[in-house]
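Asker: Let me give you the structure first, and then I'll get to my questions.
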Amino acid sequence: MRNPDLPLFTWKPRSCVVMPFPQARRIGKARKYAATAYRLEDEPRRLASYRVRVRNELIRMLVEGGVDEITAAAEAVAFDLIIDREIERLRVMDRLGLLDDTQLGPSGAA
C-alpha cells in the first residue's frame, strides 16, 4: 500500500561533498611557494609565469582527484590568498631584518 504521492517515499537524503585536503589549510606548501614568489619579485614576468603554473597545477590536481572545476577554482583562489598572505609576512620580516636565507628555502640553483 505504497502511495508514490507521499513525500516520505520520494525523499532522498542530500549527498555531501567532502574536501579531504582544503587548500586554505596547506600552510607549509603555501610558504614554499611564497618563498619562491618572494625571490622572483624583481622579475615580474617570471613571477607571473610561476603563479599561473602553480595555479594550473593545483586545479589540474584537484580535477583529476574528482573535484568539479568550480570547486577546484574556488580552492585555487583560497590557496592564492594564502600565498599572498605569506608573501606579505616575508616582506614584513625582511623590513624588520628578521628574514634569513633559511626561511626562503633552497634557491633552486644547482
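Where a number appears in this text, it was derived from the coordinates with a stated rule and is not lab data. On a predicted model such as this, the values are computed, not experimentally measured, just so you know. Here Cβ is always computed from backbone atoms with ideal geometry, including for glycine, and neighbour counts include all displayed protein chains.
Asker: From Leu62, Leu81, grab the single residue that is crowded, with 19+ Cβ neighbours inside 10 Å and either hydrophobic (A, V, I, L, M, F, W, C) or free of Cβ contacts under 8 Å to residues at least 60 places away in the same chain (or both).
Answerer: Only one candidate qualifies: Leu62.
Asker: Could you list all residues from the range 40-59 that are farther than 18 Å from Lys29 by Cβ, basic (Lys, Arg) and surrounded by 11 or more Cβ atoms within 10 Å (Cβ to Cβ)?
Answerer: Arg46
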